[in-house]
1. Among the residues of the stretch 31-52 satisfying the criterion of being touching an Asp or Glu at 6+ places or on another chain (Cβ under 8 Å) and of a type in the set (Ser, Thr, Tyr), which is surrounded by the most Cβ atoms within 10 Å (Cβ to Cβ)?
2. Can you find a residue that is surrounded by 14 or more Cβ atoms within 10 Å (Cβ to Cβ), acidic (Asp, Glu) and in contact with a helix residue (DSSP H, G or I) (Cβ under 9 Å, 6 or more places away or on another chain) anywhere in the stretch 104-117?
3. When you scan the stretch 71-168 for helices (runs of 4 or more DSSP H) that lie fully inside it, which ones turn up with 3 or more residues that are within 19 Å of the chain's Cα centre (by Cα)?
4. Do the conditions hold for residue 19, that is, is it out of contact with any helix residue (DSSP H, G or I) (no Cβ under 9 Å at 6 or more places or on another chain), hydrophobic (A, V, I, L, M, F, W, C) and crowded, with 18+ Cβ neighbours inside 10 Å?
5. Please go through the stretch 51-70 and give me each residue that is assigned to a strand (DSSP E or B) and under 18 Å from residue 4 (Cβ atoms), ordered by number.
6. Checking residue 34 against (1) within 28 Å of residue 164 (Cα to Cα); (2) of a type in the set (A, V, I, L, M, F, W, C); (3) out of contact with any helix residue (DSSP H, G or I) (no Cβ under 6 Å at 6 or more places or on another chain), only one condition comes out false. Which one?
7. If you scan the stretch 29-50, which residues turn out to be assigned to a strand (DSSP E or B) and either at pLDDT below 95 or of a type in the set (Val, Ile, Thr) (or both)?
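The values are calculated or read from the model by the stated rules, or taken from the named source; none is laboratory data. Remember, it's a predicted structure, so these values are computed and weren't measured experimentally. Note that we place each Cβ from the backbone using ideal geometry, even for glycine, and neighbour counts take in every protein chain shown. When the accessible area is computed, the model is the full protein with side chains, heavy atoms only, and any ligands, DNA or RNA have been set aside. Shrake-Rupley method; radii C 1.70, N 1.55, O 1.52, S 1.80 Å.
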Amino acid sequence: MAEKMSTRGLRVSFGKTEAVKGVDMEIQAGAVTAIIGPSGCGKTTYLRSLNRMHDYTRIAKVTGEVFLGDRNIYDENLSPVELRTRVGMVFQRPNPFPTMSIRDNITFAPKRHGLARGRELEEIVERTLVQSALWDEVKDRLDDPATGLSGGQQQRLCIARALAVRPEVLLMDEPASALDPSATQRIEDLIYELKKDYTIAIVTHNMQQAARVSDYTAFFYMGNLVEFGKTDTLFTNPKEEQTEAYITGRFG
């Protein structure tokens, strides 16, 4: 079941550099929220804070609150492992486990977390590959190495892998930036289908893509959330001068 996320006063710094500066924002359940802005504006840093990826960076400091539903994900009683079964992530470049088959990429997390066994695992493989629009292309070669797939297929496999533990939220960090136009179109079509069942937040440098796939858009600049609203409104009638300058190409 899709769940909303929200941040209150979220700040992320790396040493003396503050990358995200007190962001209050809601990511609506069952919708796609695009995060746009020029390079280095804090988009990816913000996204990675939503499933505690900065826990692995020694100099990173996160303050403020991040909620999944009504629960603060930085609560010491919520482990990062449990969180990541509820908030999945797909990265900029496809990263299937290189030594594993297509099937094993998908079953790895359900096995590790004790979520399924035997026939249940096979059902997860089929369900997630159907959800990621990959089933018809790979159903006869599930035991082949995942690295034998094309770049676009690998990215859809990574999406299937993220869906295997039935998360409530799916975070996507420029998921099509390394893909050709045809593969990009398939990822965008997939995002549109997935929002029926999941809350999705996507970082993208491509404003046309944000306009095509998202229901809401957040514009970041220099670590600040400048403007947030419904995508149609933000792109056609932005409230802030900085937003208008960015979407019309005057900077960024």
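1. The qualifying residue surrounded by the most Cβ atoms within 10 Å (Cβ to Cβ) is 33.
2. yes
3. On the way: elements: 80-86, 102-112, 119-131, 135-138, 151-163.
Once the helices (runs of 4 or more DSSP H) in the stretch 71-168 are filtered for at least 3 residues that are within 19 Å of the chain's Cα centre (by Cα), what remains is 80-86, 102-112, 119-131, 151-163.
4. Criteria not met by residue 19.
5. Of everything in the stretch 51-70, those that are assigned to a strand (DSSP E or B) and under 18 Å from residue 4 (Cβ atoms) turn out to be 64, 65, 66, 67, 68.
6. (3)
7. Result: 32, 33, 35, 36.
Listed here are the residues, each with its yes/no results for (1) of a type in the set (Gly, Ala, Ser); (2) without any contact (Cβ under 8 Å) to a residue 40 or more places away in the chain.
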{"residue": "92", "(1), (2)": "no, no"}
{"residue": "95", "(1), (2)": "no, no"}
{"residue": "105", "(1), (2)": "no, no"}
{"residue": "108", "(1), (2)": "no, no"}
{"residue": "111", "(1), (2)": "no, yes"}
{"residue": "116", "(1), (2)": "yes, yes"}
{"residue": "120", "(1), (2)": "no, yes"}
{"residue": "125", "(1), (2)": "no, yes"}
{"residue": "131", "(1), (2)": "no, no"}
